[in-house]
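The values are calculated or read from the model by the stated rules, or taken from the named source; none is laboratory data. Source: prediction; values computed, not measured. So basically every Cβ, Gly included, is an ideal-geometry build from the backbone, and we count neighbours across all protein chains shown. Note: areas computed on protein heavy atoms with side chains; ligands, DNA, RNA excluded. Shrake-Rupley method; radii C 1.70, N 1.55, O 1.52, S 1.80 Å.
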Amino acid sequence: MIRPCFLGSGIATHLGIGVAENLAALHERPRSPQCLLRRIDDRVESIPYTPLRGFAIESAETRLDAVIDAVIEEALDEARLPPPEQRRMALFVGSSSFDISVSESLYRKELAAGGDSLPLRSSSFGNLAEAVRERFGLRGEDYTFNTACTASANGAWYAARLIQSGAIDHALVLGVELVNDLTALGFFGLGLLTRSTMRPFDRGRDGLVLGEACSALVLGPGDPERFHLRGGANLCDTHSMVAASTDGSTVAAVIERALADAQLSASAIAAVKAHGTATPSNDEAEAAGMIRVFATMPPICALKPFIGHTLGACGLTELVLFYRAIEHGFLIATPGVGADPAALGVALSQTERPMTEGHFMLNSFGFGGNNTSLVISRR
């Protein structure tokens, strides 16, 4: 079977632009979120956010394309595929909001101009993929994923399966999530936001911080020494409309299926990248699920304290940050966050651990109960 290797990656988050800036920031303590002002009826509310560095929020109509292009170019430059192979590459896009930020900006501009009837421009899920294909001259098929927090993780998993089957040679996976009022005010209205650093699995956890991110990953046959996507699984939990069952049963089920697909035992996992949203029910379900599977808990890290919850982009963005950190010899730590296992039975790594290879599990458990677990390996 063809091994879907990680040939090149690009990233932009609150930590910086490019892999190097992001990795450097992961050696520091997580930063406090910024706040965006948004009008609700006759009042202005302050909404905690971790926006992209280097791309001004005020440039809403141009920043989406600008950040996507910068991230894809970084990934393609590293992958260095021959032009014919790059043109044949398939595209996989995962997001929760796609180009809604552009639509909102255009709508506000038209509204200010005094129009009588102002329908929103089309925000079809396929628009973004089609625009990327045209700008980069891609002639392979394209796929779009909109499964909440698992969207880009599912894109990576589907791309890997098609490569393994021989249906495609190479894939470009893109995860993107930019600030927009629909998302910001929705989460604000649900009362799920915190103004402090996110604290997954911590006794003092009190909610999430929304984040912006864009990441890209080129997959394809490569050197056996490279990281590759070894296995995975996706399941839907119908326990409720918004979250997984807090008994951990469905989380455990998707983890076990991912392990079976990767042909590994739980004891073979060197570390886990948790979803870790710092919300009461999601953390409870994830912790309970891991306890069901792992007789001895491997080291666990979480990335949302650093970059916020980047929703549809989080699966791929956190995968890129995680595997690049391991390539550079360390497992990410969150000092002072999630240190006490007494709260939920699991604890996050408090100090960086030397680590360069092994089998690793990356979990994404989405709003609405769509759950994905991936296994990546480097030997």
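Residues that are closer than 28 Å to LEU178 by Cα and β-branched (Val, Ile, Thr): does region 253-262 have at least one? No, region 253-262 contains no residue that is closer than 28 Å to LEU178 by Cα and β-branched (Val, Ile, Thr). The lone criterion from (1) in contact (Cβ under 8 Å) with a residue 60 or more places away in the chain; (2) closer than 30 Å to PHE98 by Cβ; (3) assigned to a helix (DSSP H, G or I); (4) within 20 Å of the chain's Cα centre (by Cα) left unmet by ILE326 is number (2).
Does VAL93 fit the bill of being under 19 Å from the mean Cα position of the chain (by Cα) and either over 22 Å from GLY186 (Cα atoms) or surrounded by fewer than 19 Cβ atoms within 10 Å (Cβ to Cβ) (or both)? Spelling it out, VAL93 is indeed under 19 Å from the mean Cα position of the chain (by Cα) and either over 22 Å from GLY186 (Cα atoms) or surrounded by fewer than 19 Cβ atoms within 10 Å (Cβ to Cβ) (or both). Only one of the numbered conditions (1) in contact with an Asp or Glu (Cβ under 9 Å, 6 or more places away or on another chain); (2) more than 22 Å from PRO341 (Cα to Cα); (3) at pLDDT below 95; (4) of a type in the set (A, V, I, L, M) is not met by VAL242, and that is (1). Look at LEU138 and say whether it is among the hydrophobic types (A, V, I, L, M, F, W, C), out of contact with any Phe, Trp or Tyr (no Cβ under 8 Å at 6 or more places or on another chain), free of Cβ contacts under 8 Å to residues at least 60 places away in the same chain and open to solvent by less than 30 Å² (accessible area, probe 1.4 Å). Spelling it out, LEU138 is indeed among the hydrophobic types (A, V, I, L, M, F, W, C), out of contact with any Phe, Trp or Tyr (no Cβ under 8 Å at 6 or more places or on another chain), free of Cβ contacts under 8 Å to residues at least 60 places away in the same chain and open to solvent by less than 30 Å² (accessible area, probe 1.4 Å). Within region 335-373, being out of contact with any His (no Cβ under 9 Å at 6 or more places or on another chain), over 18 Å from THR246 (Cα atoms) and either of a type in the set (Ser, Thr, Tyr) or in a loop (DSSP other than H, G, I, E, B) (or both) holds for PRO335, GLY336, VAL337, GLY338, ALA339, ASP340, LEU348, SER349, GLN350, THR351, MET355, GLU357. Identify, from the list SER105, SER152, the residue that is surrounded by 18 or more Cβ atoms within 10 Å (Cβ to Cβ), under 30 Å from ALA233 (Cβ atoms) and touching an Asp or Glu at 6+ places or on another chain (Cβ under 9 Å). That would be SER152, the only listed residue that is surrounded by 18 or more Cβ atoms within 10 Å (Cβ to Cβ), under 30 Å from ALA233 (Cβ atoms) and touching an Asp or Glu at 6+ places or on another chain (Cβ under 9 Å). Taking the criterion of being over 17 Å from ALA184 (Cβ atoms) and touching a helix residue (DSSP H, G or I) at 6+ places or on another chain (Cβ under 7 Å), the residues of region 57-73 that qualify are GLU61, ILE68, ASP69, ILE72. Could we say that VAL176 is in a helix (DSSP H, G or I), modelled with pLDDT of 95 or more and more than 18 Å from ASN234 (Cα to Cα) here? It is false that VAL176 is in a helix (DSSP H, G or I), modelled with pLDDT of 95 or more and more than 18 Å from ASN234 (Cα to Cα).
Being closer than 24 Å to THR310 by Cβ, open to solvent by 10 Å² or more (accessible area, probe 1.4 Å), in contact (Cβ under 8 Å) with a residue 12 or more places away in the chain and not in a strand (DSSP E or B) holds for only one residue in ALA253, ALA243, and it is ALA243.
Residues in region 20-35 that are in contact with a helix residue (DSSP H, G or I) (Cβ under 8 Å, 6 or more places away or on another chain) and open to solvent by 30 Å² or more (accessible area, probe 1.4 Å): ARG31 alone. Among residues of region 336-361 that are buried (at least 17 other Cβ atoms within 10 Å of the Cβ), those with a Cβ under 6 angstrom from a residue that is among the basic types (Lys, Arg), sequence gap 6+ or separate chain, pair up as VAL337/ARG199; ALA343/ARG203.
Within region 156-169, being open to solvent by 20 Å² or more (accessible area, probe 1.4 Å), assigned to a loop (DSSP other than H, G, I, E, B) and in contact (Cβ under 8 Å) with a residue 24 or more places away in the chain holds for GLY166, ASP169.
Determine, yes or no, whether SER364 is under 16 Å from the mean Cα position of the chain (by Cα) and modelled with pLDDT of 95 or more. Taking the combined requirement at face value, the residue satisfies it. Looking only at region 270-293, residues that are open to solvent by 10 Å² or more (accessible area, probe 1.4 Å), outside any helix (DSSP H, G or I) and modelled with pLDDT of 95 or more come to 1 in all.
Per the conditions (1) of a type in the set (Lys, Arg); (2) open to solvent by 70 Å² or more (accessible area, probe 1.4 Å); (3) modelled with pLDDT under 95, the sole criterion not satisfied by ARG38 is (2). The single residue among ASP169, ASP77, ASP65, ASP69 that is in contact with an Asp or Glu (Cβ under 8 Å, 6 or more places away or on another chain) and modelled with pLDDT of 95 or more turns out to be ASP169.
The condition of being closer than 23 Å to ILE72 by Cβ, out of contact with any strand residue (DSSP E or B) (no Cβ under 6 Å at 6 or more places or on another chain) and at pLDDT below 95 holds for only one of ASP223, ASP206, that being ASP223. I want to confirm something. Restricting to region 179-223 and keeping residues that are free of Cβ contacts under 8 Å to residues at least 12 places away in the same chain and part of a helix (DSSP H, G or I), which single residue is nearest to the chain's Cα centre (by Cα)? Ranking the candidates gives GLY186 first.
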